[in-house]
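Engineer: Got a structure here, written out as structure tokens. Questions coming.
Just so it is clear, none of the values below were taken in a lab; they were calculated from the coordinates. Since this is a predicted model, take the numbers as computed values, not measurements. When we count neighbours, we look across all protein chains shown, and the Cβ atoms used for this are built from the backbone with ideal geometry, even at glycine.
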């Protein structure tokens, strides 16, 4: 028996919005530790890694490890039926081929449930090696979304260059070039509004705008985003989900042919 | 020309 009750169905909806551009379907791996998801997009250029800790749920019970393959468009339809203040309870029997979502309004005045068919997905899991990153940049998630959106108008790729002076995002295309430089801020009182750079050595890498834009769909989950860069290693774009876990995206860099 | 690598060029299947 699997049962997980989350105080805010809206949080799960945000998670779903943040991954459904990249993934058509995905397996949710449920264990005592919580719910994990790891999946590559169709082109295998990016990897999504979601971790929702069991203690972030109001109630969590997982008698046996369970993998639930779901079509994310269908799952979105289910969550479109929830109210913004509803709680959600996810339930599945061991070896079941369906999962049930129950939405409860705050005062119990409305309770709805939806049963969805599960899928058998051939999901491969990749080992992600520990990396000593050259640069770790923390910045407001809204600022990152804005920069990626702005620069995507001009080119297909963004170069992220980081030195101890700051971080620079650059693009070039048919009509010209664009650059955005962010200096480190000293506003340590408000960490989620600051730009914080932890640099071991300078790094400059090129990434696809399309994927970066998809990652910024996670912006509503967190005020802050962390970018971790290192030569010859995928970029990590990490959003912490307060009190619940994290959503990480990995993106292979573009390299000179 | 910049070539797009894939994630599998970096991370191996478990």
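Engineer: Of everything in the range A:41-66 that's within 14 Å of chain B (Cβ to nearest Cβ) and part of a strand (DSSP E or B), which residue is surrounded by the fewest Cβ atoms within 10 Å (Cβ to Cβ)?
Structural biologist: A:49
Engineer: Scan (1) in a loop (DSSP other than H, G, I, E, B); (2) crowded, with 18+ Cβ neighbours inside 10 Å for the single condition residue A:89 breaks and write down its number.
Structural biologist: (1)
Engineer: Cβ contacts < 6 Å: first residue more than 7 Å from every other protein chain (Cβ to nearest Cβ) and touching a residue at least 24 places away in the same chain (Cβ under 8 Å), restricted to the range A:243-257; second residue part of a loop (DSSP other than H, G, I, E, B) and crowded, with 20+ Cβ neighbours inside 10 Å, any location; separation 6+ or different chain. Result?
Structural biologist: Taking only residues 6 or more apart or on different chains, the pairs are A:251/A:234.
Engineer: Of all residues in the range A:127-138, how many are out of contact with any strand residue (DSSP E or B) (no Cβ under 6 Å at 6 or more places or on another chain) and either more than 14 Å from chain B (Cβ to nearest Cβ) or buried (at least 18 other Cβ atoms within 10 Å of the Cβ) (or both)?
Structural biologist: Total meeting the criteria: 2.
Engineer: Now, a different point. For the subset of the range A:208-237 comprising residues that are assigned to a strand (DSSP E or B) and in contact with a helix residue (DSSP H, G or I) (Cβ under 9 Å, 6 or more places away or on another chain), which member is nearest to the other protein chains (Cβ to nearest Cβ)?
Structural biologist: A:235
Engineer: Only one residue in A:159, A:78 is within 14 Å of chain B (Cβ to nearest Cβ) and over 21 Å from residue A:240 (Cβ atoms), so which one is that?
Structural biologist: On inspection, the qualifying residue turns out to be A:159.
Engineer: Please go through (1) outside any loop (DSSP other than H, G, I, E, B); (2) surrounded by 13 or more Cβ atoms within 10 Å (Cβ to Cβ); (3) more than 14 Å from chain B (Cβ to nearest Cβ) for residue A:179 and return the number of the only condition it doesn't satisfy.
Structural biologist: Only one criterion is unmet by residue A:179, namely (2).
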